[in-house]
Amino acid sequence: MRRILVLLPLLLGACSSPYDSAHSYPQNPAISDARGQPRDSSTFYFPAADSLHPAYLPKSKRPSVVWNTDIRFANCAGALEGASYTLTYFEAPVLSNYYLGADIVRFLWERSFHRPVLLTLRHDAAGSTLHTQLLDKHPGFHTLTVLHPNSLPATASARRRAQAWKYYKETMADPQFQREVAEGKRRAAQVKAEETTVPVTPEQWEHLQELLAQTEFPKMCPCQPRPGKLDGAYWLLETHSASGYHQVARRSPEEQDGFRRACEYLIDLSSVKDEERY
């Protein structure tokens with residue numbers, strides 16, 4: 001039997017060799033149409049290969065003892081599925097399947113304790129614009145429940161049953177609890193009142209390109225999981241041009257990280273520049 005042991009994260013060098021960013025556009029109609037419209041809400045927005053990293057070990061090659069915080073046993077499939085789901089709520093196009101006729105840099109910012117943000121910088125012969133979108137909550141649904149007294153075991157005492165009924169009735173009658181139940185069932189919505197589009201100057205566009213070049217963005221591994229880290233923020237940056245597509249995702253990158261600086265430059269240009277960063 002394979003044992004799962006919990007230790008401090010073993011952050012191995014996930015990209016010992018440069019990543020090949022030469023993603024050609026597959027033009028697969030099962031993923032999206034030529035305008036980037038996804039097939040449905042289950043569409044995976046990213047190249048399948050972006051779910052793995054060079055250090056990943058498939059189950060067939062793993063040792064008998066597995067550390068649940070070892071990067072060799074973690075991948076990015078779940079995180080990218082979640083990001084894809086969030087992008088459908090923004091009604092965002094798929095950038096990895098067809099070339100959409102303009103250079104696009106898109107930043108998805110999913111923070112554990114704040115609203116999701118999507119920044120889309122579009123650059124073509126007519127100029128450049130930065131579009132900011134927000135959701136009013138994280139996508140997905142959750143259900144709040146209270147143990148029904150009839151679910152107690154047959155051996156439960158009369159006193160315990162009486163306490164359970166009292167708690168159940170009080171909780172079900174609590175307006176705050178009912179509001180939380182309704183909120184858990186509510187679909188996330190775009191905050192149109194806070195949506196903005198601002199012009200980006202040629203100098204600002206060039207500076208962003210310089211930041212991406214400094215961090216060697218095209219050579220960065222798309223996937224670098226941090227197993228064992230649940231809270232924080234998910235920073236996902238995509239570049240889309242006639243020459244190809246690339247995406248990189250990191251969880252709570254360090255402030256001095258070049259990838260984070262490129263993302264933060266987009267934040268600084270946007271209407272969410274005062275939002276908390278982590």
(request) With the checklist (1) of a type outside the set (D, E, K, R); (2) assigned to a helix (DSSP H, G or I); (3) more than 30 Å from Glu264 (Cα to Cα) in hand, flag the one item Ala193 doesn't pass. (result) (3)
(request) Kindly indicate which of Leu100, Leu80, Leu10 is modelled with pLDDT of 95 or more and either in contact with a helix residue (DSSP H, G or I) (Cβ under 8 Å, 6 or more places away or on another chain) or at positive phi (or both). (result) Leu80
(request) Would you please name the residue that is modelled with the lowest pLDDT, looking only at residues in region 27-55 that are farther than 18 Å from Leu87 by Cα and surrounded by 15 or more Cβ atoms within 10 Å (Cβ to Cβ)? (result) Ala55
(message) Can you go through Tyr89, Tyr99, Tyr85, Tyr167 and tell me which one is hydroxyl-bearing (Ser, Thr, Tyr) and farther than 30 Å from Ser51 by Cβ?
(response) Tyr167
(request) For region 212-225, indicate whether the set of residues that are part of a loop (DSSP other than H, G, I, E, B), of a type in the set (A, V, I, L, M) and either assigned by TED's automatic domain parsing to the domain that holds Phe46 or over 30 Å from Gly140 (Cα atoms) (or both) is non-empty. (result) yes
(message) On the basis of being in a loop (DSSP other than H, G, I, E, B), surrounded by 12 or more Cβ atoms within 10 Å (Cβ to Cβ) and modelled with pLDDT under 95, does Val146 make the cut?
(response) yes
(message) Can you find, within region 95-113, the residue that is surrounded by the most Cβ atoms within 10 Å (Cβ to Cβ) among those that are under 21 Å from Glu275 (Cβ atoms) and over 13 Å from the mean Cα position of the chain (by Cα)?
(response) Val105
(message) As an exercise: evaluate Gly78 against (1) in a loop (DSSP other than H, G, I, E, B); (2) without any contact (Cβ under 8 Å) to a residue 40 or more places away in the chain; (3) closer than 15 Å to Pro225 by Cα; (4) not charged (D, E, K, R) and give the number of the one condition it does not meet.
(response) (1)
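Yes/no per residue for (1) crowded, with 18+ Cβ neighbours inside 10 Å; (2) under 23 Å from Pro116 (Cβ atoms); (3) of a type in the set (D, E, K, R):
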site	(1), (2), (3)
Leu212	yes, yes, no
Cys221	yes, no, no
Lys229	no, yes, yes
Gly232	no, yes, no
Ser241	no, no, no
Tyr245	yes, yes, no
Arg250	yes, yes, yes
Phe259	yes, yes, no
(request) Could you tell me whether region 133-142 includes any residue that is outside any helix (DSSP H, G or I) and among the small types (Gly, Ala, Ser)? (result) yes
(request) Sort out which residues of region 179-192 are surrounded by 13 or more Cβ atoms within 10 Å (Cβ to Cβ) and either within 21 Å of Ser151 (Cα to Cα) or at pLDDT 95 or above (or both), and write them in order of number. (result) Val181, Ala188, Gln190, Val191
(request) Determine, yes or no, whether Glu238 is assigned to a loop (DSSP other than H, G, I, E, B) and at pLDDT 95 or above. (result) no
(message) Return the residues of region 193-209 that are closer than 15 Å to Asp103 by Cβ, surrounded by 12 or more Cβ atoms within 10 Å (Cβ to Cβ) and of a type outside the set (A, V, I, L, M, F, W, C); say none if nothing qualifies.
(response) Gln204, His207, Gln209
(request) Consider Glu264 carefully, then state whether it is on the phi < 0 side of the Ramachandran plot, assigned to a helix (DSSP H, G or I) and among the acidic types (Asp, Glu). (result) yes
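The values are calculated or read from the model by the stated rules, or taken from the named source; none is laboratory data. Keep in mind that this is a model prediction, so the values were computed, not measured. So basically every Cβ, Gly included, is an ideal-geometry build from the backbone, and we count neighbours across all protein chains shown.
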